[in-house]
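This report refers to the structure that appears directly beneath it.
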Amino acid sequence: LLSAALAYTLPPVYVSTSTILVEQQEIPQDFVATTVTAYAAERVEKIRLRAMTTDKLWAIAEKADLSPEIRTVENRQDIVSQIRDNVGIEMVVSEGVDPRTGRTITPTIAFKVSYANESPEKAQAVTAELAQLFLEEDRRSRTENVQQTSSFLNEEAQRLQNKVIDLEAKISAFKVKNAGSLPESQAETSRVLQES
């Protein structure tokens, strides 16, 4: 009876959810072995920490008009804490087979961002803003990774080019030093001797 009475007296809470696909790295790990690709859950956690800062959540509170009756600069931390408490992040995994090893794996293929509120419109608006923040932070993170990978590849190309130049110089010096005793020189010398 108490539970039924409580259920009827409490206001309803609406939960809006957005699912975001986790894309794999486009450069093969075998090609760029020295750059570390974080697991999807770790990557999502890093993005969450960047996206859910106090300033960004406060901006969402103002834009979605959350708790207008108590939303003041003095209550800023309380409002932001309340938003964080109502945000849910859930990893979506799928069972599959690793093509390289043949072992069964359960990779994270997506994650869900949700927000609970007494107003369905506010729940949806905050979820849309959070999803947009996550996507922006992911884009920024990917841009940084691309710049780091590009820098790494440029350094590797320069290192290999310097190595080739060094090897070519050593080969040229060896050929000059041993001009008459190289196999290609002996064949030419034999031909000249046979013609004379």
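The values are calculated or read from the model by the stated rules, or taken from the named source; none is laboratory data. Only a predicted model underlies this, so the values are computations on that prediction, with no experimental measurement involved. Neighbour counts are summed over all protein chains in view; Cβ atoms, including those assigned to glycine, are modelled from backbone coordinates with ideal geometry. Heavy atoms of the whole protein, side chains included, go into the accessibility calculation; ligands, DNA and RNA do not. Shrake-Rupley method; radii C 1.70, N 1.55, O 1.52, S 1.80 Å.
Yes/no per residue for (1) in a strand (DSSP E or B); (2) at positive phi; (3) touching a residue at least 40 places away in the same chain (Cβ under 8 Å):
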position	(1), (2), (3)
THR101	no, no, no
ALA116	yes, no, yes
GLU121	no, no, no
LEU133	no, no, yes
ARG142	no, no, no
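Could you please let me know if ILE47 is in a loop (DSSP other than H, G, I, E, B) and at pLDDT 85 or above? Show your work before the answer.
Values: in a loop (DSSP other than H, G, I, E, B): no; at pLDDT 85 or above: yes.
It is false that ILE47 is in a loop (DSSP other than H, G, I, E, B) and at pLDDT 85 or above.
Residue-by-condition table, conditions (1) β-branched (Val, Ile, Thr); (2) at pLDDT 90 or above:
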position: GLN82; (1), (2): no, yes
position: GLY88; (1), (2): no, yes
position: GLY96; (1), (2): no, no
position: THR101; (1), (2): yes, no
position: THR104; (1), (2): yes, no
position: ALA110; (1), (2): no, no
position: SER119; (1), (2): no, yes
position: ALA123; (1), (2): no, yes
position: SER141; (1), (2): no, no
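Any idea which residue in segment 81-106 is least open to solvent (accessible area, probe 1.4 Å), counting only those that are in contact with a Phe, Trp or Tyr (Cβ under 9 Å, 6 or more places away or on another chain) and either under 18 Å from GLU42 (Cβ atoms) or among the charged types (D, E, K, R) (or both)? If you could, list the steps in order and put the result at the bottom.
To start, the set of residues in segment 81-106 that are in contact with a Phe, Trp or Tyr (Cβ under 9 Å, 6 or more places away or on another chain) comprises 83, 86-92.
Those left that are additionally either under 18 Å from GLU42 (Cβ atoms) or among the charged types (D, E, K, R) (or both): 89-92.
On the way: ILE89: 61, GLU90: 107, MET91: 66, VAL92: 38 Å².
So the residue we want is VAL92.
Filter segment 57-80 down to the residues that are open to solvent by less than 60 Å² (accessible area, probe 1.4 Å), part of a helix (DSSP H, G or I) and not aromatic (Phe, Trp, Tyr) and list them by number.
Answer for segment 57-80, where residues must be open to solvent by less than 60 Å² (accessible area, probe 1.4 Å), part of a helix (DSSP H, G or I) and not aromatic (Phe, Trp, Tyr): LEU57, ALA59, ILE60, ALA61, ASN75, ILE79, VAL80.
I need the full set of residues from segment 121-137 which are open to solvent by less than 60 Å² (accessible area, probe 1.4 Å), under 13 Å from ARG48 (Cβ atoms) and hydrophobic (A, V, I, L, M, F, W, C), in order please. Before you say what the answer is, go through the steps one by one.
So in segment 121-137, the residues open to solvent by less than 60 Å² (accessible area, probe 1.4 Å) come out as 122-123, 125-131, 133-134, 137.
Imposing the further condition that a residue be under 13 Å from ARG48 (Cβ atoms) reduces the set to 130-131, 133-134, 137.
Once the filter is applied, which keeps residues that are open to solvent by less than 60 Å² (accessible area, probe 1.4 Å), under 13 Å from ARG48 (Cβ atoms) and hydrophobic (A, V, I, L, M, F, W, C), segment 121-137 yields LEU130, ALA131, LEU133, PHE134.
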